[in-house]
Amino acid sequence: MKLHILALAALVALAGPALAQAPKDAVKADKEQIKADKDKMKADRAAGNKDAVKADKEKLKADKAKRKADRKAARDAKKAAKQETTTK
């Protein structure tokens, strides 16, 4: 029984920092996606494809909103982690 508890405690200790890192990774991925969207929009504009440019603008707007939400989640996770370490 003690071994089971120790294994569970080790798993939680290792998973904690990994879970805190996830929001940062999401923000980084969002930045890369926004850059790709801008490049695609630029290429579509050069090709003269107005419908694709319009669709690209909508996708860019949605990706920026997702990045904003992920940034907020990252800030909240950082704040919660900081509060957790100060309360111990």
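The values are calculated or read from the model by the stated rules, or taken from the named source; none is laboratory data. Everything quoted here is computed from the prediction, not taken from an experiment. Counting neighbours? That spans all protein chains shown, and the Cβs are built from the backbone with ideal geometry, glycine included.
A Cβ distance below 8 Å, combined with a sequence gap of six or more or placement on separate chains, defines the contacts here; from the stretch 65-86, residues that are under 16 Å from Lys31 (Cβ atoms) and part of a helix (DSSP H, G or I) reach residues that are at pLDDT 90 or above and not β-branched (Val, Ile, Thr) in the pairs Lys66/Asp30; Arg67/Asp30; Arg67/Lys31; Asp70/Asp30.
Every residue, every condition in (1) modelled with pLDDT under 90; (2) basic (Lys, Arg), yes or no:
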{"residue": "His4", "(1), (2)": "yes, no"}
{"residue": "Leu11", "(1), (2)": "yes, no"}
{"residue": "Arg67", "(1), (2)": "no, yes"}
{"residue": "Lys78", "(1), (2)": "yes, yes"}
